[in-house]
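First the structure, in the form of structure tokens, and then the observations on it.
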Amino acid sequence: MAESSWRDELARTITDVAGLPDYLTLTDDERRFFDAPPEAHGPLALKVPLAVVRRMVEAARRAGGQVLSTDPLRRQFIPTAAELETQPYELADPLGEERYSPVPRLIHRYPDRALLLVTDQCVVHCRYCFRSRFTGGSHGGISRDELRAVESYLAAHTEIRELILSGGDALMLGDGALADVLDAARHARPDIVFRVATRIPVVMPGRVTAELARLLRARAPLWVVVQANHPDELHAEASQALSVLADAGIPVINQTVLLAGVNDDAKTLDELFTALVRLRVKPYYLFQADLAPGTSHFRVNVERALWIVAELRRRLSGLAMPVFAVDIPGGAGKVPLEPSALIGEDESGYRLRAADGHVHHYPKEEG
């Protein structure tokens, strides 16, 4: 698909309730959201590609024409009345990114890597978005002045080994603009490793062309970081887009968000991660949903989440098993969460819990 073609597809994105097709019947919870005053809706407007809506409708047809409020695509992308409720501990900037921004658009929270918000635009607005304060705003793509400031910062901070292009969605930039950003950063730091964070291979796979793959491959070392949260997202077109990247020699990893009512069971995640590995995509992180305003209905109790992770460890190989992590509110960073394997010790050694739940002895040695 040429750049003009995916831009045409983008122009057919639905951005208000009036644009939803008549054949997508709203649930009562969805209708209550849209009936509420606009000022109650929060910063993240409805935005969903028509092709994604059509897949929701097809899911309903396969279920005999029922309105499936539990459809995993619908739950991720169509707002409900639950978004109107904000908990006192939810934060507009739950990851504390703004305090770590030395120059506009750049976030330097970890010593060896930085994140660059190359655009505030996404193909689709995920209802659990932790960066809703920025996503869908009016800033657009990074300016030349902003990019020059980033170049200077990267040149001065040689401890940064990786630069993550995000937003918004990094692949919302056209090929020329994307190449400009990558080349500017590479000019400042020839040794830097890129990550390109994107939802596009799953939600608008036509954007992933052979030309784009060549552009990315020419700027190696570069990794693409995608997000798929449910096996239904790995439809034929998405699988083809991921194959285009893999066939070009671009390493691809996936970050999944654990979402109540979408993927909060071991069977679904097992199927997702196994399918990703088959597509040559490494499951990298499984994230607890962040404390963004109006997202409490998506979060899974941590104890239950750990039970799911323990069950996944019994089912999956190391290749298919991601790291389960939570971002500490306020900017303290990621913390991996694991069912504790070390449950005790004595003079002779340690008591370790294996994946099957049984406890075993492991000897204690000097050193």
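The values are calculated or read from the model by the stated rules, or taken from the named source; none is laboratory data. This one's a predicted model, so the numbers in the text were calculated from it and none came from an experiment. Cβ atoms come from the backbone with ideal geometry, glycine included; neighbour counts cover every protein chain shown.
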Quiz item: residue 215: in contact with a strand residue (DSSP E or B) (Cβ under 8 Å, 6 or more places away or on another chain), of a type outside the set (Lys, Arg), in the same structural domain as residue 322 (by TED's automatic domain parsing) and modelled with pLDDT of 95 or more, yes or no?
Solution: no
Quiz item: Quick one: in segment 78-96, which of the residues that are in a loop (DSSP other than H, G, I, E, B) and without any contact (Cβ under 8 Å) to a residue 60 or more places away in the chain is surrounded by the fewest Cβ atoms within 10 Å (Cβ to Cβ)?
Solution: 88
Exercise. Please specify each residue of segment 203-223 satisfying the condition of being surrounded by fewer than 19 Cβ atoms within 10 Å (Cβ to Cβ), under 13 Å from residue 182 (Cα atoms) and of a type in the set (A, V, I, L, M, F, W, C).
Key: 215, 218, 220
Quiz prompt | Filter pass, residue 210 being over 18 Å from residue 106 (Cβ atoms), in the same structural domain as residue 138 (by TED's automatic domain parsing) and without any contact (Cβ under 8 Å) to a residue 60 or more places away in the chain | solution = yes
Self-check item: Members of segment 273-315 that are assigned to a helix (DSSP H, G or I), in contact with a strand residue (DSSP E or B) (Cβ under 7 Å, 6 or more places away or on another chain), closer than 27 Å to residue 30 by Cβ and not small (Gly, Ala, Ser)
Solution: none
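Can you confirm whether residue 294 is over 16 Å from residue 222 (Cβ atoms) and either surrounded by fewer than 24 Cβ atoms within 10 Å (Cβ to Cβ) or of a type outside the set (S, T, N, Q) (or both)? Talk me through it step by step, then tell me what you get.
Working: over 16 Å from residue 222 (Cβ atoms): yes; either surrounded by fewer than 24 Cβ atoms within 10 Å (Cβ to Cβ) or of a type outside the set (S, T, N, Q) (or both): yes.
Yes: the conditions hold for residue 294.
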Quiz item: What number of residues within segment 1-40 satisfy the criterion of being closer than 27 Å to residue 201 by Cα and aromatic (Phe, Trp, Tyr)?
Solution: 2
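Do we have any residue at all in segment 8-29 that's basic (Lys, Arg) and either crowded, with 16+ Cβ neighbours inside 10 Å or in contact with a Ser or Thr (Cβ under 8 Å, 6 or more places away or on another chain) (or both)? Walk me through it before giving the result.
Within segment 8-29, the first condition is being basic (Lys, Arg), and the residues that meet it are 12.
Checking which are either crowded, with 16+ Cβ neighbours inside 10 Å or in contact with a Ser or Thr (Cβ under 8 Å, 6 or more places away or on another chain) (or both) leaves us with none.
Within segment 8-29, none of the residues are basic (Lys, Arg) and either crowded, with 16+ Cβ neighbours inside 10 Å or in contact with a Ser or Thr (Cβ under 8 Å, 6 or more places away or on another chain) (or both).
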Practice problem: Go through segment 228-251 and count every residue that is without any contact (Cβ under 8 Å) to a residue 40 or more places away in the chain and under 17 Å from the mean Cα position of the chain (by Cα). | Solution: 2
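Which ones in segment 122-173 are of a type in the set (Ser, Thr, Tyr), in contact with a strand residue (DSSP E or B) (Cβ under 8 Å, 6 or more places away or on another chain) and under 30 Å from residue 16 (Cα atoms)? Show your work before the answer.
Quick first cut of segment 122-173, residues of a type in the set (Ser, Thr, Tyr) only: 128, 132, 135, 138, 143, 152-153, 158, 166.
Keeping just the survivors that are in contact with a strand residue (DSSP E or B) (Cβ under 8 Å, 6 or more places away or on another chain) gives 128, 153, 166.
If the condition is that a residue be of a type in the set (Ser, Thr, Tyr), in contact with a strand residue (DSSP E or B) (Cβ under 8 Å, 6 or more places away or on another chain) and under 30 Å from residue 16 (Cα atoms), then 128, 166 are the ones that fit.
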Quiz item: residue 176 passes all but one of (1) part of a helix (DSSP H, G or I); (2) in contact with a strand residue (DSSP E or B) (Cβ under 8 Å, 6 or more places away or on another chain); which number fails?
Solution: (2)
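Report, by residue number, each residue of segment 320-341 that is under 29 Å from residue 272 (Cβ atoms) and either in a loop (DSSP other than H, G, I, E, B) or at pLDDT below 85 (or both). Give the steps one after another, and end with the answer.
Filtering segment 320-341 for residues under 29 Å from residue 272 (Cβ atoms) gives 320-329, 332-341.
320, 321, 322, 329, 332, 337, 338, 339, 340, 341, listed by residue number.
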Quiz prompt | Selection from segment 117-155 of residues that are surrounded by fewer than 23 Cβ atoms within 10 Å (Cβ to Cβ), in contact (Cβ under 8 Å) with a residue 60 or more places away in the chain and farther than 20 Å from residue 292 by Cβ | solution = none
